[in-house]
Amino acid sequence: ALIIAVPQIASAWQPIHTCGGSYARWRDADLPVSYRINTSGSGTSAAETTRIIQDSFAHWYDPCCSGASSNFIDTTGMSALGYNDGNTILGFQDSSWPGDLGDPRSTLGVTLPIIWTDCRISEADIIFNEAYHDFCYSGCSGWDTAFEPIATHEIGHLFGLGHSSDDGALMYYAY
């Protein structure tokens, strides 16, 4: 069973989905979560994008006993909009934002988990909205929209965490 203990800043959260008293999670057999990154459309180099996403995954390993683990496979040209294709892809939408994924002016990223009736997560693509937002990838300050906390938040959803009502929590619904 995947048990998630999160850092203090993310201590408040709700499960992303519940099924009969249980919450959505990856099966032990599916851990570590394997993922690919499509860096096309990112506002920085492929190497920097990959490093930041890997660091964002690592933030979820920090809490003792979290059980969160992942395996970066490679960069890919596959789309993060490939619903239920058996792959977990993290990618960028840089030309237009699909309206069914939320208001493009306020949506920074979306995680699209596939959750089966037994509450098992089998994949969880993540799409970052570069079409309407210019993420800051390094040296961020002030009003910059820093990419790493956005990626870390969306990866929390990938691991089965929902939003928090605590406005100081990493899983708070607004940036």
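Bear in mind that the values in this text are calculations on the coordinates, not laboratory data. For clarity, every value in this text was computed on a predicted model and none was experimentally measured. Every residue, glycine among them, receives a Cβ derived from its backbone with ideal geometry; neighbour counts consider all protein chains shown.
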query: Where does helix 46-59 land angle-wise versus the long Cα axis of the chain, in degrees 0 to 90, nearest 10?
result: 30
query: Once you put a point 7 Å from the Cα of ARG27 and another 7 Å from the Cα of THR145, both along the Cβ direction, what distance in nm separates them?
result: 3.7
- request: Mark the label point 7 Å from the Cα of ALA47 along Cα→Cβ and return the residues of the stretch 135-175 whose backbone N is within less than 19 Å of it.
  value: 137-139
- line: If each K or R counts +1 and each D or E counts -1, the residues other than SER42 whose Cβ falls under 12 Å of its Cβ total -3
- prompt: By per-residue mean of other Cβ atoms within 10 Å, what is the highest-first order of 149-160, 118-129, 24-35?
  reply: 149-160, 118-129, 24-35
query: Using a Gaussian network for the chain with springs between C-alpha atoms less than 10 Å apart, which of these wobbles most: SER69, SER95, SER79?
result: SER95
